[in-house]
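*Asks:* A single structure is presented below for examination.
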């Protein structure tokens, strides 16, 4: 079936709703980055959230990202989606190991710690929009709901979850995001709150074989739910050899020459997806030539 996000409306346009299944992309992130169980849960939640946020972008080239900086052992994480449903992400410390909580669940909040959440929207304008809020629970879903309420003045119910097998592979992952639009009546808001409270645990619901459509149907079915769109999503990074090579050149002539003098190829990894790129001595020498030519042009006197 694959990963996908659905978008719908309810209550005569008073509610905008999203739901997603993201098991495959979460498993790929786990494998690519060698994530521990709690790191998988944290990044998987963020990726599900940003996948639904990305479904609101109007152009495939636009991007939106969630960046979390916390004082917990995870140190921080980031997840990015574009308008085409391509999602990527990473955690700063993929090896975090923590005891389970007393209820037997992964302790994502302790792994993340106290800190801030930044949401960055790059809509192709001169400067991206950046909204920042402090973490209220460090569970990610509640923090995302708080961001919408505080930064965009949009009341929002968010649930995100990742369920792992004992061997740490991903069993289920996904989420829902339900927003109250301007002009929403108090009656509708109260009814939605009741429905969200009555809804079972998300990962349990998905593990029973239910789909994102059934998630929204269960919550909003008798509130005039209409599914408007279905978008496939997947883990896909925008890195390539040229971009990573440019990053290698950016270290400067002195450091690049030191690598050349060592006489061994250099391997660099993309931070977002873990893809590895190897550069030979000859390639680094060509980079050095380009840097020297650039410097020479910059040193030329300007024509009067």
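*Asks:* Just for region 172-194: of the residues that are touching a strand residue (DSSP E or B) at 6+ places or on another chain (Cβ under 8 Å) and without any contact (Cβ under 8 Å) to a residue 60 or more places away in the chain, which one is nearest to residue 26 (Cα to Cα)? Outline the logic, then answer.
*Replies:* Going through region 172-194, the residues touching a strand residue (DSSP E or B) at 6+ places or on another chain (Cβ under 8 Å) turn out to be 172-181, 184, 188-189, 192-193.
Keeping just the survivors that are without any contact (Cβ under 8 Å) to a residue 60 or more places away in the chain gives 189, 193.
Values: 189: 32, 193: 29 Å.
The qualifying residue nearest to residue 26 (Cα to Cα) is 193.
*Asks:* So, in region 9-33, how many residues would count as being touching a helix residue (DSSP H, G or I) at 6+ places or on another chain (Cβ under 6 Å) and part of a strand (DSSP E or B)?
*Replies:* So the count comes out to 6.
*Asks:* Same structure again: Out of the residues in region 204-242 that are more than 30 Å from residue 189 (Cβ to Cβ), under 21 Å from the mean Cα position of the chain (by Cα) and touching a residue at least 12 places away in the same chain (Cβ under 8 Å), state the one that is surrounded by the most Cβ atoms within 10 Å (Cβ to Cβ).
*Replies:* Looking at residues that are more than 30 Å from residue 189 (Cβ to Cβ), under 21 Å from the mean Cα position of the chain (by Cα) and touching a residue at least 12 places away in the same chain (Cβ under 8 Å), I get 235.
*Asks:* Surrounded by fewer than 16 Cβ atoms within 10 Å (Cβ to Cβ) and in contact (Cβ under 8 Å) with a residue 40 or more places away in the chain, is that true of residue 201?
*Replies:* Taking the combined requirement at face value, the residue satisfies it.
*Asks:* Tell me which strands (runs of 3 or more DSSP E) are completely within region 74-171 and hold 1 or more residues being at negative phi and in contact (Cβ under 8 Å) with a residue 60 or more places away in the chain, or say none if there are none.
*Replies:* 76-82, 86-91, 115-122, 156-164
*Asks:* Take residue 46 and tell me if it is in contact with a strand residue (DSSP E or B) (Cβ under 7 Å, 6 or more places away or on another chain), closer than 18 Å to residue 118 by Cβ and either touching a residue at least 12 places away in the same chain (Cβ under 8 Å) or part of a helix (DSSP H, G or I) (or both).
*Replies:* Numbers: in contact with a strand residue (DSSP E or B) (Cβ under 7 Å, 6 or more places away or on another chain): yes; closer than 18 Å to residue 118 by Cβ: yes; either touching a residue at least 12 places away in the same chain (Cβ under 8 Å) or part of a helix (DSSP H, G or I) (or both): yes.
Considered against the rule, which asks whether it is in contact with a strand residue (DSSP E or B) (Cβ under 7 Å, 6 or more places away or on another chain), closer than 18 Å to residue 118 by Cβ and either touching a residue at least 12 places away in the same chain (Cβ under 8 Å) or part of a helix (DSSP H, G or I) (or both), residue 46 comes out as yes.
*Asks:* I'm checking my understanding of the structure. Among residues of region 106-135 that are loosely packed, with under 12 Cβ neighbours inside 10 Å and more than 27 Å from residue 274 (Cα to Cα), which one is farthest from the chain's Cα centre (by Cα)?
*Replies:* Per the criteria, the residue is 126.
*Asks:* Here's something else I'd like to know. Could you say whether any residue in region 227-236 is closer than 28 Å to residue 94 by Cβ and part of a loop (DSSP other than H, G, I, E, B)?
*Replies:* yes
*Asks:* For region 269-280, what are the residues that are surrounded by 15 or more Cβ atoms within 10 Å (Cβ to Cβ) and more than 19 Å from residue 86 (Cα to Cα)?
*Replies:* 277, 279
*Asks:* Do we find that residue 60 is in contact (Cβ under 8 Å) with a residue 24 or more places away in the chain, surrounded by fewer than 22 Cβ atoms within 10 Å (Cβ to Cβ) and in a loop (DSSP other than H, G, I, E, B) in this structure? Let's see the steps before the verdict.
*Replies:* Numbers: in contact (Cβ under 8 Å) with a residue 24 or more places away in the chain: yes; surrounded by fewer than 22 Cβ atoms within 10 Å (Cβ to Cβ): yes; in a loop (DSSP other than H, G, I, E, B): yes.
Yes: the conditions hold for residue 60.
FYI, it's all coordinate maths here, none of it is from the lab. The structure displayed is predicted, hence computed values, not measured ones. No Cβ is skipped: glycine too gets one built from the backbone with ideal geometry, and neighbour counts run over all protein chains shown.
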